[in-house]
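Structure first, then comments.
No value in this document is a laboratory result; all are computed from the given coordinates. Bear in mind the structure is a predicted one, so any value in this text is a computation, not a measurement. Don't worry about glycine lacking a Cβ; one is built from the backbone with ideal geometry, like all the others, and counts go over all protein chains shown.
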Amino acid sequence: MSFALRTALWQVLCLVGIAAGAGVVLRYANRKTSQSLMRTMGRKGIFVTAWLGTPVHELAHAAMCVVFGHRVTELKLFHPDERTGTLGYCNHAFNKKNPYHVIGNFFIGIAPVISGLTVVYLLMTLLSPNGHWVSQTLTQTSDALAGKPSLVGQLRVVAHATWGLLRVLVDPSSAGSGWYWLSLYAALCVAMHMAPSSADIRGAWVGAAVTGGAFVVLVVLLWLVGVDMAMFARHTSALIAVVLSLLMLVTVLAVGYALVATALLELYQLVSGTR
């Protein structure tokens, strides 16, 4: 029993903790870049990435609302509001006494992260000239993690996978392909707007607690019916590693874009004397 509970709790804390940290970094990178763009180009500077990233963000909320039976009351895929600072929104209603609806709040809140990682993966796989290496890298990551029971070993595997994915995404040999630049730009747009907003986080807390509890109960039930928990832990860890590898890639991409964009905009302001 103790092993099952430790496995469940550790995997939930690991995934939620690292994902939360990445979300904070993504939000900070987006805010700093937006501030630099607005100083140079005005309010419309945000549209450089928001025109694509925001609709993907809001569509993810709406899709997950449908999955969990929430009623979408109003959906604005891209509706910038200078008064509130919002770029779009998805309002929804649900039954607070329905456990499935409550759990849905968690997945609705993190839906932009799920859709963002999925879109970035598809862009890299389908449009990048070396896209076939993406699936191969993630498969190798999953297999490698099964033999790494220690935390340090698992983190090394994730870091190695992230570096491999980053090399595919910024491969100089792909610079001559128009599809490569299109996929890179689209990935940046999605990455810069995939972090959950403050409203998303507020709505997801209760659902997150219920989801975490349900996962622990599931692990205990599997243990009671005789499932090999060591095998379960290896498979679950491998899946988490793939998700975290993509999440770390997107985070590095967003931070890199934020640093380069901010530096270039600051340089432009100095040269043009508009600072």
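Give me the log10 of I(q) over I(0) for region 46-85 at q = 0.16, 0.26, 0.31, 0.33 Å⁻¹, as the Debye formula computes it from C-alpha points; what are the numbers? Normalising to I(0) and taking log10 leaves -0.46, -0.89, -1.04, -1.10. With R₀ set to 25 Å, the beta-carbon distance separating Asn95 from Leu218 gives a calculated FRET efficiency near 0.60. Taking 15 Å as the straight-line reach from the Cα of Lys44, the aspartates and glutamates in range (excluding those fewer than 8 positions away in the same chain) are Asp81, Glu82.
Here the ratio of the Cα radius of gyration of region 174-275 to 2.2 N^0.38 Å is 1.68. The distance separating the Cα centre of region 66-140 from that of region 191-225 comes to 15 Å. Couplings 3J(HN,Hα) of region 111-120, computed from phi: 3, x, 5, 4, 5, x, 5, 5, 5, 4 Hz, in residue order, whole Hz [Karplus 6.51 cos²θ - 1.76 cosθ + 1.60, θ = phi - 60°; x for Gly and Pro]. Using the Cβ of Phe68 as centre and a radius below 15 Å, the other residues enclosed give a net charge of +2, where K and R count +1 and D and E count -1.
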